[in-house]
Amino acid sequence: MKFLLPFLVCVASALAAAVPPTPTTLPGAETFAYREGEASMLLHVFKPVGWKATDRRPALVFFFGGGWNTGTPEKSAGWARFAAKNGMVGIAPDYRTRQRFNTSPLESVADSRAALRWVQDHAAELGIDVARIAVGGNSAGGHVALWTAIATTPPGSSPREAPLTQPAALLLFSAVSDTSMLAGYTPRRFGEHATALSPLHQLDSKMPPTLAVHGDADKTVPFSQAVALGEKYQQTNNSYELVVVPGGSHAFSTDLPEWRTKAQSMARDFLARHGLIGTPAR
């Protein structure tokens, strides 16, 4: 027994050390609290060269992935910086995950909606055109991004934190779009709310134009999810562009490094076609 206590202390210390710290700042960004109090949460804003408070620029809000369990805004800062380099205001929000906050996907969804609402409410001081805010995400980040475009207030979220309007466009990379009990991704994490939190089953009749990039060899979030989402968009006459990454896994930009540049180029073209990259609106 005398050897057990030191062993347990070591295990507990190792587990604590494995939990990444929540970043309170990111290099090159201004940090704001989009929710304060007991469930306070931060977002990190990257401004383009020449930004002025009087600007009415487009913006990109991008959510990191990690299965609602892991991840921090450090993972999505690259897309926020990409936005800033292209004249947009780039925003990398944090949201609650199980590893750092001992929460469920319900809180992750609630935070994504609250983050977009805060950006919309503070658009004037951020130099943002509230009508030109795109939202994106990778994996579970794509799931919460989809929920910023759905009017129905899902379980675990507050109507007071609902986005004022839909995003102008969505960027989805290896995104989770189905969490239902029948065919969804890890529905047990959602418990009784698996279908209620499944974007595929809760889409609005009118959705923002959406670009989805997904590997056809994704063994984590099946490629069939991206196809099914596209079919649902088609049924309601919404705009959905699906880019297939041949042989691409869930982490296709890591396995196939050339796709990091390709994905950014496709995102840039998509945003430009929808008036979200270019000179500030005056």
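Since every read-out is calculated from the coordinates, none of them should be taken as a lab result. Keep in mind that this is a model prediction, so the values were computed, not measured. When we count neighbours, we look across all protein chains shown, and the Cβ atoms used for this are built from the backbone with ideal geometry, even at glycine.
Worth a mention:
- Where the alpha-carbon atoms of the stretch 30-164 are placed on the principal axes, they occupy 40, 28, 26 Å, in descending order.
- Virtual spin-label span in nm between Ser239 and Ser158, 7 Å along Cα→Cβ: 3.4
- Volume per residue of the convex hull around the Cα atoms, evaluated for the chain, comes out as 148 Å³.
- Helix-only mean residue ellipticity at 222 nm for the chain, each DSSP H run of n ≥ 4 adding -39500 (n - 2.57), per residue, nearest 500: -9500 deg cm²/dmol
- When the C-alpha to C-alpha distance is required to be over 24 Å, the pairs from Lys85/Lys262; Lys75/Lys262; Lys75/Lys232; Lys206/Lys262; Lys75/Lys219 that qualify are Lys75/Lys232; Lys206/Lys262.
- Counting only DSSP beta bridges whose two residues both lie in the chain, roughly 30 percent are antiparallel.
- Among Ser157, Ser224, Ser108: highest mean-square fluctuation, GNM of the chain, C-alpha pairs under 10 Å: Ser224
- Considering only Leu146, Leu182, Leu197, the mean-square fluctuation computed in a Gaussian network model of the chain, springs between alpha carbons under 10 angstrom, is largest for Leu182.
- Added length on full extension, which subtracts the Cα-Cα distance from 0.36 nm per residue, Thr54 to Ser265: 73.1 nm
- Gaussian network model of the chain, springs between alpha carbon atoms under 10 Å - residue of Ala80, Ala272, Ala168 with greatest fluctuation: Ala272
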